[in-house]
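See below for the structure under consideration.
Please treat every number below as a calculation from the coordinates, not as lab data. Bear in mind the structure is a predicted one, so any value in this text is a computation, not a measurement. Heads up, the Cβs are rebuilt from the backbone with ideal geometry, glycines too, and the neighbour counts pull from every protein chain shown.
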Amino acid sequence: MYRGNNPIARTSQQNIADALVRLLKQEPYSSITISGICREADVSRQTFYSLFSSRENIVLYLLDTCHTFEPGKECSNTLSLSILSREYAAYLIDKRELLTLLEQNDLIYLLHGSLYDSFIQCPCFLRGETPARRAFCSEFIAGGLSGIARIYVEQGTGLSQDALTETIRALFSGEMFPEK
């Protein structure tokens, strides 16, 4: 996937990503071809392949750019469970349309890697822990949060942001699991 700064290439990347989202609203992912994406985005196949190597990479681009989860936006020192829960609840509500499209097309699993990367790159996530412990925790939390996203969009829950925040916090704190 192209990661450079050429403004024309970046614009083409965004046009391709927008085209895929438009097409996902009309037909299943399994029916969408690279030729169809190129037609919708008004780019050549050569341009497509120079920017993305697959349709899946378009989804990764979406999750890593304009729909990324950025943990710790509100923290200046350490990412607390309360902040993480509140930020992720807001993310789910804000990105519900895209997440629903991903779930309907069996692509929600791609969220996991994006979340993992977000935690690894967050300077206030588990500050002072070893890289190995940060990796284990990032993997665990990314798995849990991507599962929460799947259930949230799959069940169409009408939870308020506060209720969703509290559910996430209670799950990760262990509060929902009795000691005995």
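Angle check, please: helix 110-121 long axis (alpha carbons) against the longest principal axis of the chain (alpha carbons), in degrees 0 to 90, nearest 10. With rounding to tens, the tilt is 60 degrees. Debye-formula intensities of the chain, expressed as log10 I(q)/I(0) at q = 0.11, 0.13 Å⁻¹, are -0.54, -0.72 (one equal scatterer per alpha-carbon, no solvent).
Take every Cα pair under 8 Å whose residues are at least 6 apart in sequence, average their separation, divide by the length of the range 7-58, and the relative contact order is 43 percent. Taking Lys and Arg as +1 and Asp and Glu as -1, the other residues whose beta-carbon sits under 14 Å from that of GLY147 total -2.
Computed over every Cα-Cα pair of the range 94-164 and binned at 10 Å starting from 0, the pair-distance distribution P(r) comes out as 19, 43, 29, 9 percent. The angle separating the long axis of helix 161-173 from the principal Cα axis of greatest extent in the chain is about 60 degrees. To the nearest ten degrees, helix 81-94 and the longest principal axis of the Cα atoms of the chain are 30 degrees apart. Counting only lysines at least 8 places from LYS95 when in the same chain, those with an alpha carbon closer than 28 Å to its own are LYS25, LYS73. Per residue, the convex hull spanned by the Cα atoms of the range 7-58 measures out at 60 cubic angstrom. Over the chain, dividing the summed -39,500 (n - 2.57) contributions of all DSSP H runs of at least 4 residues by the number of residues returns a 222 nm mean residue ellipticity of -20500 deg cm²/dmol.
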